[in-house]
1. What number of residues within the range 1-45 are part of a loop (DSSP other than H, G, I, E, B) and among the aromatic types (Phe, Trp, Tyr)?
2. Does the range 7-34 hold any residues that are open to solvent by 80 Å² or more (accessible area, probe 1.4 Å) and of a type in the set (A, V, I, L, M), and which are they?
3. Out of the range 38-66, which residues are open to solvent by less than 50 Å² (accessible area, probe 1.4 Å) and either without any contact (Cβ under 8 Å) to a residue 12 or more places away in the chain or acidic (Asp, Glu) (or both)?
4. Taking only pairs six or more apart or across chains, which ones have beta-carbon atoms under 9 Å, a first residue in the range 5-26 that is over 13 Å from Leu54 (Cα atoms), and a second residue that is open to solvent by 70 Å² or more (accessible area, probe 1.4 Å) and not in a loop (DSSP other than H, G, I, E, B)?
5. Identify all residues within the range 1-55 that are of a type in the set (Lys, Arg), at pLDDT below 95 and within 12 Å of the chain's Cα centre (by Cα); write none if there are none.
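The values are calculated or read from the model by the stated rules, or taken from the named source; none is laboratory data. In this text the structure is predicted, and so the values were computed from the model without any measurement. In this analysis, Cβ positions are derived from the backbone assuming ideal geometry, glycine residues included, and neighbour counts consider all displayed protein chains. Areas reflect the complete protein model, heavy atoms only, side chains present, ligands, DNA and RNA absent. Shrake-Rupley method; radii C 1.70, N 1.55, O 1.52, S 1.80 Å.
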Amino acid sequence: RRGRVSIPYARYFVTLCSTNRQSGLTTSQVGESILHALRSLQLDGDIDLHCATLMPDHVHLLFTLK
């Protein structure tokens, strides 16, 4: 993407927000889907996830890019 920089082995803190900050990310089905996606990224070797915080309308992630 234009203007985006991805540096291997750099640590990133990222916040992702739902559309229009609508709540619903902490429902069991959505929360489990998010955790599954994060686990897949880690198992595939794309990231080293240090921590994640799931809130009703956003997610905080701290990871090292592989």
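1. 1
2. Ile7, Leu16, listed by residue number.
3. Within the range 38-66, Ser40, Asp57 qualify.
4. Listed by first residue and then by second, the contacts come to Arg11/His50.
5. Selection gives nothing.
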